[in-house]
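Here is the structure we will look at, set down as structure tokens.
Read the figures in this text as sums done on the coordinates, not as results from a lab. Bear in mind that the values here come from a model prediction, so they are computed numbers and not experimental data. FYI the Cβ positions are ideal-geometry reconstructions off the backbone, even for glycines, and counts take in every protein chain you see.
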Amino acid sequence: MNDLGISAELQAFLRQHKWHNAQIVALKTDASQRQYYRLSQNERSVILMDARRSAVGETKRFQRIASHLFAQDLSAPQIYGADHDLRALLVEDLGDDLLSGFWAKGAQSAYPIYQKAVDMLLAVQASDPPAFLAQPDAQDLAVMITPAFEFYKGSARVEADQSALLAALTDLLAAALQSAPVLALRDCHAENLLYLPARRGAACVGILDFQDAFQSHPAYDLMSLLQDVRRDIPASMEAGLIAYFVAQAGLEARAFQRAYAVLGVQRNLRILGVFARLALQENKANYLVHMPRVWRYIQRNLRAPGLQGLKALIDAEFPSPANLNWTV
């Protein structure tokens, strides 16, 4: 265990829950500050979440949101043990059948599984969101793109005023955020969703990594799923699943698609900045390969009706990744 960096405190936590003699394997992490381990013993396995480098209160939020999802008969991991002071959890092992694996045979193979993921989002949104979750307003969401100015644009050595772009984005977000807010998992993509074929209905899609959830527009998680920054999702597949979601939810299509596009600009601009920071400050150059795709999503969203003014501001403020000379 110590070879894997398991501290004495974590070992005591595992001993308390009788998992201290388990075989342990570190799991691959992405941009997270958390570390995950699979523990196996007596033909059973669980996942240890080590969130000691994460924000205080994160494990408690995870447990509270998981309880809300359980109440909707959805497949969040069961919590077997928690030490919120240590910031450690023992949770159900939902397996390795991530939605990302269904892309090996292309979009045609992935489409039915993604439709099940959309059904899961519809189920998540069928009940009121937990009152303890934050509900960022238009200005809060607009300010979230600050990393794009600081790290992505900063790398291009271009100085310009941010206020016009932020004001335009804030106005568009305010107009979009007219629907009643729902629970937004926030980091809803193929690496955080699993296929569980033995479970029925919306429970056949397992949900991971939702501790940063907030209240937002119904389009937010769908956009996060269908504008996956790590893989190319065909525009036709995206359009088909948007239409399916809108029909199943009984929403007005034009207003929904506009909100989807505005939120897509906001989220993807923020991701450009976050990926630039990871590359420049943490020497994670692997994130640079995703930049052109994120930029294409931004440009796709900016083609939506009513976003021409925002497009002009963004194109003036931010260079295309193709025009950047990254040195990591």
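Ranked by how many other Cβ atoms sit within 10 Å of their own Cβ, fewest first, the residues THR146, THR29, THR59, THR170 fall in the order THR29, THR146, THR170, THR59. The angle separating the long axis of helix 58-71 from the principal Cα axis of greatest extent in the chain is about 90 degrees. By the Kirkwood approach, averaging reciprocal distances over each pair of separate Cα atoms, region 91-221 gets a hydrodynamic radius of 17.0 Å. Rounded to the nearest 10 degrees, what's the angle between the helix 308-317 long axis and the longest principal axis of the chain, both from Cα atoms, 0 to 90? Here the helix axis deviates by roughly 70 degrees. Classified by the C-alpha gyration tensor, region 1-152 has a prolate form. Its axis ratio a/c, with a ≥ b ≥ c, is 1.5 or above, and a/b is larger than b/c. Our estimate of slack between HIS17 and ASP315, defined as 0.36 nm per intervening residue step minus the Cα-Cα distance, is 101.8 nm. Projected over every direction and averaged, the convex hull enclosing the alpha-carbon atoms of the chain yields 17.2 nm².
Among CYS188, CYS204, a tally of other beta-carbon atoms within 10 Å of each Cβ gives an order, fewest to most, of CYS204, CYS188. Modelled this way, with points 7 Å down the Cα-to-C-beta line, the labels at ARG53 and GLN299 are 3.5 nm from one another. For region 150-307, the gyration tensor built on C-alpha atoms gives an oblate shape. Its axis ratio a/c (a ≥ b ≥ c) is at least 1.5, and a/b is not larger than b/c.
With a simple spin-label model that places each label point 7 Å from the Cα along the Cα-to-Cβ direction, the separation between ALA174 and LEU86 comes to 4.8 nm.
Using the alpha carbons alone, the radius of gyration of region 69-165 stands to its Kirkwood radius in an Rg to Rh ratio of 1.09. Note on SER163 and GLU252: the extension gain reaches 28.9 nm, defined as 0.36 nm multiplied by sequence separation minus the Cα-Cα distance. When the Gaussian network model of the chain links Cα atoms closer than 10 Å, the mean-square fluctuations of ALA304, ALA198, ALA285 top out at ALA198.
For the chain, with a Gaussian network of springs between Cα atoms less than 10 Å apart, report the residue from ARG258, ARG52, ARG44 with the top mean-square fluctuation. It is ARG44. Once C-alpha pairs closer than 8 Å and six or more residues apart are averaged by separation and normalised to the residue number of the chain, the relative contact order reads 17 percent.
Shape verdict for region 30-101, please, from the Cα gyration tensor: rounded (a/c under 1.5), prolate (a/b greater than b/c) or oblate.
Here region 30-101 falls in the rounded category.
Helices in the chain, meaning DSSP H runs of at least 4 residues, each add -39500 (n - 2.57). Divided by all residues, the mean residue ellipticity at 222 nm is -13500 deg cm²/dmol. Residues LYS60, LYS105, arranged from fewest to most other Cβ atoms within 10 angstrom of their Cβ, appear as LYS105, LYS60. Which one of GLN33, GLN211, GLN139 has the biggest mean-square fluctuation once the chain is modelled by GNM with Cα springs under 10 Å? Sorting by GNM fluctuation, first place goes to GLN33.
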